[in-house]
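Coordinate-derived values only; no laboratory data. As the structure is a prediction and not an experimental result, all values here were calculated from the model. Ideal geometry is used to build each Cβ from the backbone, glycine not excepted, and the neighbour counts take in all protein chains shown.
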Amino acid sequence: MTTPFAGSAAPPSTSLPTTVAPAVADPGADTGSSRRRDARPRRGLPRLRAGSFRRWVSPVAIIALWQLASSTGLLDERDLASPAQIAVSAADLVADGTLLSAIGVSVQRVALGFAIGAIAGLVLAVLAGLSRLGEDAIDPPMQMLRTLPHFGLIPLFIIWLGIDEAPKVALIALGVAFPLYLNTFAGIRGIDRRVVEAARSMHLTRLQRIRHVILPGALPQTLVGLRQSLGIAWLSLIVAETIASDAGLGYMINRARDFLQTDVIVVGLATYSLLGLLTDAVVRHLERKALVWRT
Amino acid sequence: MAHLTDPHPANGADRAAGHVARVRGHHRSFGDVHVLRAIDLDIAPGEFVALLGRSGCGKSTLLRSLAALDPSPDEEVDVRGRSAVAFQEPRLLPWRSVHDNVALALLNTPERKQRARLARERLEEVGLGEKLDAWPLQLSGGQAQRVSLARALVPDPSLLLLDEPFSALDALTRIEMHQLVIELWRRRQMAVLLVTHDVDEALLLADRLHVMDGGRMARTWEIELPRSERNPAHPDIAGVRAEILEVLGVRPTPPNPNRATDRATERATDSRGAA
């Protein structure tokens, strides 16, 4: 998965050896001649190593150029701190506990907003997915509201909820609820009716069918919604914290802006993206666990 | 096929003892279309009945009524004991292992250990004792259909409803499945209603054949010949076959008993046409 070709959708069997990613080349091997099959591992292995190494070249080069520009004074520290300076202040922020307590506050906001939004989205999706009445009552308003950019509601939230934690949590919850609702609803409606009918022919009760057939059948689509909604949760957090806050990563960044500490700003941004990557990795792990049957 | 000898003991005493299914004047229509018209049908315990007919004749609709998949008045359709269905497609839950798919039919059996034991036994019975932990997507078409059969049999139904369960299989797998169904029927003694469009299949498997046409029962045949002697060359079988094809409006072709491959090919072509 480290070669440039690993993500491409080209079927291995139709590709020539020169264009096939070595890591995924085996399925197509038996279609090639034996000579070609012999040639592949010898060519493949060095390419794999070279490929994974090559992918690090340009990021490292960019950071090196950045450092060079900062050291020579080409890049003003008030515009952007040097990588070395950022590393030092990151270490300082960790050491004095500022970063960790900011992360704690921000993660708490996301967790609370996510929990509220996820429960609301899932409950509404199940109600709408399982009955026509529920669909008629819930789906039209949800479809109308989803077209509304939820960041546009910030002024209303501030009027209704003030500028403390409540509007931030509400913004995150709102952003989370829609992807989960839409995907879970589509997942429930997309279940193979014939399989549900087979469950009926086994004399399973409606509750048993929901629990053992319908909800597990919707799970793959729900997990897609989960990944989308986590991305939106972090995005909502950043926007919400930028408005007004007296704690958290956004507060740390805003205060750094007032003192032109670009190094602290970059540390805060990097922390945001690391947290986002972390939750995404957790969901991908969940997906692998839950979808092993797709062998 | 030497083991397919003695006729099943269902016909005499059991039929007097009652029925597992009784249909009286059953009528169904969708809008102005009458799908079933005044259907009468009795199925005795342990009986093997085949329902033949062209597509759209109402045979699958009747099966759905018997399976309680569609609502029907109690006085028209009365099924005693438990029914189970094996469909044309296996209809397994892809996210559950083979074993758990079968155990799903036992959800109302309270004891977990017993569910696991029964599911394993039925899977061993259909020859899939090695595949308990496999995922449905890893199975061949024939294997998946065997799991579907095991799932239908595991709650010990008194009436097994088969809705063209072999029509999507290749010719050789289909022959194996015929033998398996007969073996299971002999061992477990349930009544079977087989809905099919394959005349030879019905003649090979069933005690009684009904041909449906335009939502009515057109004609009925009782086959008393032991299953081991039912080959297409037998005059009784050939005679009934010709009669059935006539009722179905097909010009009969004389089967050649010396060339079994002819029949296999014919069926394979047939199944491709149906799919």
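Quick notes on this one:
- Between B:Val35 and B:Arg28, B:Ser29, B:Phe30, the built amide H atoms are under 5 Å apart, and every one of these is 5 or more places off in sequence or on another chain.
- As a rough guide to protection, the peptides B:152-161, B:166-175 ranked by mean Cβ packing within 10 Å, highest first, stand as B:152-161, B:166-175.
- Only the Cβ atoms of Lys and Arg (+1) and of Asp and Glu (-1) were treated as charged; on that basis the dipole of the range A:85-294 about its Cα centre amounts to roughly 1220 debye.
- Listed by Cβ neighbour count within 10 Å, with the fewest neighbours leading, A:Tyr181, A:Tyr272 appear as A:Tyr272, A:Tyr181.
- Per-residue HN-Hα couplings for the range A:73-81 [Karplus 6.51, -1.76, 1.60; θ = phi - 60°; Hz; x = Gly/Pro]: x, 5, 9, 5, 4, 6, 7, 7, 5
- Mean separation of Cα contacts under 8 Å (6+ apart) over length of the range A:149-272, as relative contact order %: 29 percent
- Taken over chain B, the percentage of Cα pairs per 5 Å bin, counting from 0 up to the bin with the maximum distance, is 1, 6, 12, 16, 19, 17, 14, 9, 5, 1, 0, 0.
- Volume per residue of the convex hull around the Cα atoms, evaluated for the range A:225-295, comes out as 78 Å³.
- When the alpha-carbon atoms of the range B:57-117 are used, the pair Rg, Dmax equals 14.8, 44 angstrom.
- Here the contact order of the range A:85-294, divided by its residue count and restricted to Cα pairs under 8 Å and six or more residues apart, works out to 27 percent.
- Toward the positive end of the charge dipole of chain B, with +1 on the Cβ of Lys and Arg and -1 on the Cβ of Asp and Glu, the farthest Cα among B:Gly25, B:Pro136, B:Leu149 is that of B:Pro136.
- Normalising the average separation of contacting C-alpha pairs (under 8 angstrom, six or more residues apart) by the number of residues puts the relative contact order of the range B:172-230 at 22 percent.
- In a fully extended conformation the segment linking A:Ala84 and A:Leu100 would gain 3.7 nm over its present Cα-Cα distance, using 0.36 nm per residue.
- Cβ crowding within 10 Å, taken as a proxy for footprinting-reagent exposure, orders A:Thr295, B:Thr196 from fewest neighbours to most as A:Thr295, B:Thr196.
- Here, P(r) means the percent of Cα pairs in each 10 Å bin from 0 to the largest distance; for the range A:85-294 it is 8, 29, 28, 19, 10, 4, 1, 0.
- Descending by average beta-carbon neighbour count within 10 Å, the peptides A:73-86, A:233-246, B:113-126 line up as A:233-246, B:113-126, A:73-86, the highest first.
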